[in-house]
Structures are given as structure tokens and as C-alpha cells.
1. So is B:L187 in contact with a strand residue (DSSP E or B) (Cβ under 6 Å, 6 or more places away or on another chain) and without any contact (Cβ under 8 Å) to a residue 60 or more places away in the chain or not?
2. Somewhere in the range B:19-34, is a residue more than 12 Å from chain A (Cβ to nearest Cβ) and outside any loop (DSSP other than H, G, I, E, B)?
3. Which of the numbered conditions does A:F97 fail, given that it passes all the others? Conditions: (1) in a helix (DSSP H, G or I); (2) surrounded by 14 or more Cβ atoms within 10 Å (Cβ to Cβ).
4. Can you pull out every residue in the range B:208-228 that is under 15 Å from B:D178 (Cα atoms) and touching a residue at least 24 places away in the same chain (Cβ under 8 Å)?
5. For the range A:3-11, indicate whether the set of residues that are surrounded by 13 or more Cβ atoms within 10 Å (Cβ to Cβ) and not aliphatic (A, V, I, L, M) is non-empty.
6. When you go through A:K86, A:K67, A:K112 one by one, which is the residue that is within 13 Å of chain B (Cβ to nearest Cβ) and free of Cβ contacts under 8 Å to residues at least 12 places away in the same chain?
7. Given the conditions (1) surrounded by 15 or more Cβ atoms within 10 Å (Cβ to Cβ); (2) among the charged types (D, E, K, R); (3) not in a loop (DSSP other than H, G, I, E, B), and given that B:D178 satisfies all but one, which numbered condition is not satisfied?
8. Name the residue that is surrounded by the fewest Cβ atoms within 10 Å (Cβ to Cβ), counting only residues in the range A:31-49 that are more than 10 Å from chain B (Cβ to nearest Cβ), in a helix (DSSP H, G or I) and in contact with a helix residue (DSSP H, G or I) (Cβ under 9 Å, 6 or more places away or on another chain).
Amino acid sequence: MYSKELLKGTLRTIVLKLLAEHGSMYGYEITQKTKELTSGKIVLTEGALYPLLHKLEAEGYLVTNTKSIGKRIRKYYALTPEGDEKAISLSNEFADFVQTVIYLLNPKLSPKS
Amino acid sequence: MTTLNNQQTEQVLGSLEAHIGGNRKLKNEMFDHWCTYVETHMNNGASFEQAYSKLKEEFGVNELKSIEKTYLAYHQSSLWVGTLQRAGSMAAMLLFLVVAGVDAQKRPDISPVFDQYIVSSAFGEQIHPITNKEIHHNGIDLRVPLNTPVRSTADGTVKTIKNSPKGHGLHIIIAHKDGYETLYANLSNVSVDAGQTVVKGEEIARSGNSGISSGPHLHYEIRLNQKPVNPKLYISK
């Protein structure tokens with residue numbers, strides 16, 4: 001498990017990128033997929049995930065679809081065109097950031113050294 | 001996949017309601033989340049009782065309280081943002097509209113046919129009409145009569161014109177700005193050349209029934225950085 005501070009800035013990127021890869025998903029599915037892909041090293045808590053999903057929806061990056069399963073309603077999230085583009089720009093930015101931090105932590109690896 | 005029966009569902013709902021307050025939106029989603037949690041554990045061999053007690057263990061009262069707290073905090077802050085936005089200057093609003101307008105211009109955001117159409121197969125997980133197997137459908141199928149005019153959905157350059165009898169039939173790929181590409185397939189006739197530039201709305205082909213097809217239709221795809229995205233969400237006019 002990573003620190004809360006470290007995860008905070010990457011949650012958006014993770015959620016948008018997962019939806020870009022898998023199409024529409026519901027909350028539980030997103031938490032499980034994240035766990036699976038990171039071998040349990042990144043765990044999305046419900047307290048972080050649902051408020052974020054609702055926020056992304058309000059910002060126009062996500063649309064929702066519901067499906068009834070007996071008494072309960074399952075809410076699926078999918079990317080809008082703005083969401084498709086945001087997923088790409090955020091994950092490119094993040095990959096670049098990771099590379100920069102690697103150079104910062106290991107100056108020998110930096111092409112400038 | 002196990003599905004909880006009514007009594008089990010009620011039990012989960014009961015314990016959720018005992019801990020969570022009035023936020024309906026959050027409650028509905030947590031309800032499905034909890035039920036799916038229990039079902040997943042039952043699927044892996046646990047009994048309902050075992051799975052249910054594991055749920056209560058993992059989502060203690062404190063965890064739920066903290067979820068609600070985060071949620072409320074977010075809601076209050078977004079109310080603030082709303083007030084600020086309303087108070088914001090007209091100039092900023094206009095600038096936003098101009099930027100958003102330019103951005104949307106580049107996207108393939110019109111229908112590939114001029115007239116009304118029926119979507120005979122949607123984007124995403126679908127049953128293939130010929131093989132009957134579940135597949136991921138990379139585009140949408142528009143049921144249109146043979147020889148319906150097909151138009152480019154954004155400005156771009158014709159990248160590929162090809163005939164694949166065992167696949168998309170006669171098809172065109174157009175490259176647009178910002179990593180977008182559109183594909184028009186199962187055509188009968190093409191009226192552009194490879195390398196040619198086209199403008200949004202320009203007729204490029206006539207629809208057909210070529211390739212693997214169960215009837216006259218237009219298969220339409222939008223790809224962003226080579227990944228298919230849902231065309232239905234892009235078509236605005």
C-alpha cells in the first residue's frame with residue numbers, strides 16, 4: 001500500500017485510464033480491476049472512488065447507465081469524448097512525470113548527466 | 001455468478017441503512033457494491049454467512065462514516081465552486097466557450113449519414129449476428145438502404161481504401177487531427193482517393209453490403225490513438 005498523499009494525485013488518471021481500456025464499468029469492478037492489475041499494491045477505497053466518479057461525471061468526463069439487478073441498481077460509468085481525450089492527456093503526463101522523477105532519484109540515469 | 005436472494009439482499013440493505021445517512025446517490029451505489037462484494041466471496045466458495053461477516057469486518061462503521069464524510073466534504077466544496085463560477089466574469093465564460101468550440105470542431109462529431117438511421121448493433125459487448133458468439137463490437141452498425149451517401153465526420157485525409165471480403169468489405173479509413181481516425185465499412189462504392197483531403201460533411205462513399213455482413217448497413221468506427229471509442233457519444237448532430 002502506498003501513502004494517501006502519493007495516491008491522491010493519481011486517482012483520476014487511474015480511473016480514466018481503466019475506463020478507456022475496458023469501456024463501461026461499475027464501482028466494484030473498478031476497485032477489483034485496480035487490485036488485480038497492481039497485485040494488490042493499489043487499493044481504491046470506496047470513500048475515494050465514489051466521490052471521484054461523481055465529480056468526474058459532474059465535470060462532463062463520464063456518463064452513466066443503470067441496470068437493475070433485483071432490488072438494487074447498478075451504475076455503469078463510461079467516458080465521454082472529453083473523457084477519452086482526458087484519459088490520454090493525463091496518462092501521457094503521468095508517464096512523463098514518472099520518468100522525470102526516476103531521473104531525479106537516480107541522476108546517473110538522466111540523459112543530461 | 002451467484003446472485004443474492006431477496007432475504008439476503010434485505011439483510012445487506014438493513015445493515016447499510018443502519019450506518020449510512022440520507023445521501024441517496026451514495027447509498028444506492030454502496031448497496032450494489034456491498035451485494036457484489038458478498039456475491040464475489042460466495043462465488044469463491046464462502047457461505048452467505050461467512051461472506052456477510054467478512055463484509056462487516058472490512059467495512060466497519062468507521063469506514064462508512066469516513067466515506068460519508070469525504071462525500072459531504074466534496075459536496076460542500078463543489079457548492080462553493082458553483083457559486084464562484086456563477087460569480088465569474090462574462091469574459092472568462094466567453095473564453096471558455098471559444099476554447100471548447102475550437103476543441104469540439106476537430107472531433108468527428110456528426111453522423112456518417114445524412115438521414116435518419118437505426119442502430120442495428122451498438123458499441124461494446126454484443127452477440128455477433130453471424131457467429132452468435134459474444135464479441136467486443138468496435139463500432140456501431142447503422143441500418144441504412146443500399147447506396148446511402150456516406151460522409152466524412154470531420155476534416156481529414158484519406159488514409160486507406162481497401163477491400164477485405166472476409167472482414168470489413170470495401171472500407172475507408174480517414175485520419176483526422178489529435179489522433180482521431182474514422183472507419184467506414186461494408187461499402188458498395190468509394191468516391192475519394194487515398195491521400196486526398198476531405199472536409200467535414202463531404203460525401204466519400206455509398207453504403208453497401210460487402211464483406212462479412214448480414215444485410216445492408218454501414219459499419220462506423222471512431223478510433224482515438226488506435227483505440228476504438230463509442231461513436232454514439234460523439235455524434236451530436
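The values are calculated or read from the model by the stated rules, or taken from the named source; none is laboratory data. Quick caveat: nothing in here was measured; it's all calculated off a predicted structure. Glycine also receives a Cβ, built like all others from the backbone with ideal geometry; neighbour counts cover every protein chain displayed.
1. Taking the combined requirement at face value, the residue satisfies it.
2. Checking the range B:19-34: at least one residue is more than 12 Å from chain A (Cβ to nearest Cβ) and outside any loop (DSSP other than H, G, I, E, B).
3. (2)
4. Passing the criteria: B:I222, B:R223, B:L224, B:N225, B:Q226, B:P228.
5. Within the range A:3-11, one or more residues are surrounded by 13 or more Cβ atoms within 10 Å (Cβ to Cβ) and not aliphatic (A, V, I, L, M).
6. A:K67
7. (1)
8. The qualifying residue surrounded by the fewest Cβ atoms within 10 Å (Cβ to Cβ) is A:L37.
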